[in-house]
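Heads up, the thing below is written out as structure tokens.
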Amino acid sequence: MKYDFMLIRYAELAIKGKNRKKFEQILEKNIRQALKPFDGAKTSRSFGRIFIELNGHEEEKIAEAIKPVYGIYSFSPAVRSESNEKAMQENALWMLNDAFGEQHGTFKVSVRRTDKTYPVSSQEMNHVIGGYLLRNLTDKSVDVHDPDVEVNVEIREDATYILCKRYEGMKGLPVGSSGKSLLMLSGGLDSPVAGIYALKKGVTLEAVHFHSPPYTNDRAKKKAEDLARVMTRYGGRIKLHTVSFTEIQKAIRQQIPDNYEITVTRRFMLRIAEKIAEETGAKAVVTGESLGQVASQTLESMHAINAVTAFPVLRPLLTAEKLDIVEDAKKFGTHDISTRPYDDCCTIFLPSESKTKPKPEKAARYESWLDIEQFVAEAVSAREIQIIDAKDSGINEEISELF
């Protein structure tokens, strides 16, 4: 026997009122995208649920494909059964054995009749199916309050649907339901985790990476590309903008006092990110900054850096602990890429000291020695743009064991 369907339960989008239909459509589209490798697997919607018709595909592989899709609260493989007692009992027994494997445990049967013409009440059917399971499972017992496995039986007009295994989803909102943002993607641990947090709230991402050849090599650039590729598992393809930052960094190194180099560097990056965001229709910039983690991430530094723009800057990791960020990087599959030993432009020109409480007016005075508009315009116009897609590389092999 095989499973016929996968039943998808919604996450936050279930409370979106009049916008519910739009959210459901976006989620279903994202699920279909995840199912592209599975010929014949089809989706359909009913109120509060999405169904995947497996058409012979193994439920474990379908589960692995859809688990990273944000907006899913949980999902369960299901069997379509004839609506007679014998068929329901036998299918429930097979599914319960599959759910338990060799383990002992407790179960509960919950029958729901959406077809009110069915002649036996839900409560009676609980006893009919539960009693059959008890007679055929000597090492299992009933616990109606806190069972290890719940056997759900839904009697509809067309057929009866039975399910008992349950997978946890990523929850959140479906990607594409909350507008577009531009992620400032370095090669470190923090920014890809911040990006995935943004995806969880339904944001579509593009990314900008700052590259300083010949001081940073192609392997550092490849780190950013591979990080973006892992992120596509959670939010689909990502447009990556790679900005050559060498001339700006050299000018900052020559003209700006050591203790303001980091501040001015970040201000230039934010100006460039703002221009790219405006061109691409992004409504905010996302960064991996975490309060107090380094000198450029104090409140005073953030204030001095943000002074160059009125554009919204989102910091999903602002209050996160570093150890938690590391654990999330491992969970998301970005950790091993981020820790490759190739420096990005943020680490190669580190000054001997950095101001932890820089003044915006002082940073602006130092910057007046540079042609800000020309530097920004040239960097934006000369950027390299590429579409990053999971299928373009074997990167999925690195994260296939995550789920």
(request) Please give the number of the condition Lys116 fails out of (1) open to solvent by 70 Å² or more (accessible area, probe 1.4 Å); (2) more than 25 Å from Asn55 (Cα to Cα); (3) outside any loop (DSSP other than H, G, I, E, B). (result) (3)
(request) Return the pairs, sorted by first residue and then second, in which the second residue is among the hydroxyl-bearing types (Ser, Thr, Tyr) and assigned to a loop (DSSP other than H, G, I, E, B), the first residue lies in region 80-105 and is within 17 Å of Ser122 (Cα to Cα), the beta carbons are less than 8 Å apart, and the residues are 6+ apart or on different chains. (result) Ser83/Tyr118
(message) Tell me whether region 105-113 contains one or more residues that are over 18 Å from Phe5 (Cβ atoms), under 35 Å from the mean Cα position of the chain (by Cα) and part of a helix (DSSP H, G or I).
(response) no
(message) Please count how many residues of region 195-232 are farther than 15 Å from Ile385 by Cα, open to solvent by less than 50 Å² (accessible area, probe 1.4 Å) and of a type in the set (Lys, Arg).
(response) 1
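β-branched (Val, Ile, Thr), outside any helix (DSSP H, G or I) and over 19 Å from the mean Cα position of the chain (by Cα) - does that describe any residue in region 270-293? Let's see the steps before the verdict.
Of region 270-293, the ones β-branched (Val, Ile, Thr) are 272, 276, 280, 285-287.
Checking which are outside any helix (DSSP H, G or I) leaves us with 285-287.
Then drop every residue that is not over 19 Å from the mean Cα position of the chain (by Cα), which leaves none.
No - not one qualifying residue is present in region 270-293.
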(message) So the check is Cβ under 6 Å with 6+ separation or different chains; which pairs have a first residue in region 315-330 that's touching a residue at least 60 places away in the same chain (Cβ under 8 Å) and a second one that's open to solvent by 50 Å² or more (accessible area, probe 1.4 Å)?
(response) Pro316/Tyr197
(request) Give the residues of region 149-207 that are more than 25 Å from Glu321 (Cα to Cα) and among the small types (Gly, Ala, Ser), sorted by residue number. (result) Ala159, Gly176, Ser177, Ser178, Gly179
(request) Counting only residues that are acidic (Asp, Glu) and more than 31 Å from the chain's Cα centre (by Cα), give me the helices (runs of 4 or more DSSP H) lying completely in region 294-388 with at least 1 of them. (result) 360-367, 372-381
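Take region 38-52 and flag every residue that is at pLDDT 90 or above and in a strand (DSSP E or B). Step through it out loud before you land on a result.
Of all residues in region 38-52, those at pLDDT 90 or above come to 38-44, 50-52.
Selection gives Lys42, Thr43, Ser44, Ile50, Phe51, Ile52.
The values are calculated or read from the model by the stated rules, or taken from the named source; none is laboratory data. These figures come from a predicted structure and were not determined experimentally. Heads up, the Cβs are rebuilt from the backbone with ideal geometry, glycines too, and the neighbour counts pull from every protein chain shown. To get the accessible areas, we keep the full protein, side chains included, count just its heavy atoms, and leave off ligands, DNA and RNA. Shrake-Rupley method; radii C 1.70, N 1.55, O 1.52, S 1.80 Å.
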